[in-house]
Amino acid sequence: MRRAIYPGSFDPITNGHLDIIDRGRRLFDEIIIAVLVNAEKKPLFNFDERIEIIKEVVSNWPEVRVDTFNGLLVNYAQSQQAGCIVRGIRAISDYEYELQMALMNRRLAPEIETVFMMAAEPYSYLSSRLVKEVFMLKGSITGLVPSLVEQKMKEKLEVKPS
Ligand code: ADP
């Protein structure tokens, strides 16, 4: 059983994340999307909202599971008997941080391999942060996030107009 962890904040999940997960389905028997608890002090979507959204958008993929974690990622991976951590790489700027994390995680748990997947070209500039910024400034994010995410973001704006 090849099980991988795909960790992140996913605030919100974007089509870039989903592309990594979709391609990862060919590499692994099971992928656990692991949402980091308390990653950001002021997230757009609270923890439960993020989980709910992710569960909904991956509901057609039986090999994908959604879970939460806090503390050391390698400890969580070990607790799930996962041999791999999947990370997406967009620009060179991602590389340095990701390399540091991967090497530290290898030092902490040499049996766990970090697997990097290159972002798909159309999403290679896409980040959750940029999606939020563009949306708050009333720009279109159609095609960059699942329609459920767009809908939930619109609901947020209605509740809290800027
Ligand atoms: P984190 O807070 O750990 O950076 P994110 O939710 O931003 O978590 O991202 C989780 C993972 O998905 C990271 O490995 C990140 O590099 C990757 N990722 C984010 N956006 C994209 C994208 N557009 N294409 C490919 N990978 C992405």
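The values are calculated or read from the model by the stated rules, or taken from the named source; none is laboratory data. Predicted model only: the values in this text are computed from it and were never measured. For the accessible areas, the whole protein counts, side chains as well, though only heavy atoms, and no ligand, DNA or RNA atoms are used. Shrake-Rupley method; radii C 1.70, N 1.55, O 1.52, S 1.80 Å.
Solvent-accessible surface of the chain, averaged per residue with a 1.4 angstrom probe and all protein chains in place: 58 square angstrom. Choose one answer from 42, 55, 152: the residue with the largest mean-square fluctuation in a GNM of the chain with alpha-carbon springs under 10 Å. Between 42, 55, 152, it is 42 that shows the largest mean-square fluctuation.
Taken over the stretch 1-122, the ratio of Cα radius of gyration to 2.2 N^0.38 Å equals 1.00.
Taken over the stretch 62-162, the convex hull of the Cα atoms encloses 151 Å³ per residue. For the chain, with all protein chains in place and a probe radius of 1.4 Å, 53% of the accessible heavy-atom surface sits on carbon or sulfur.
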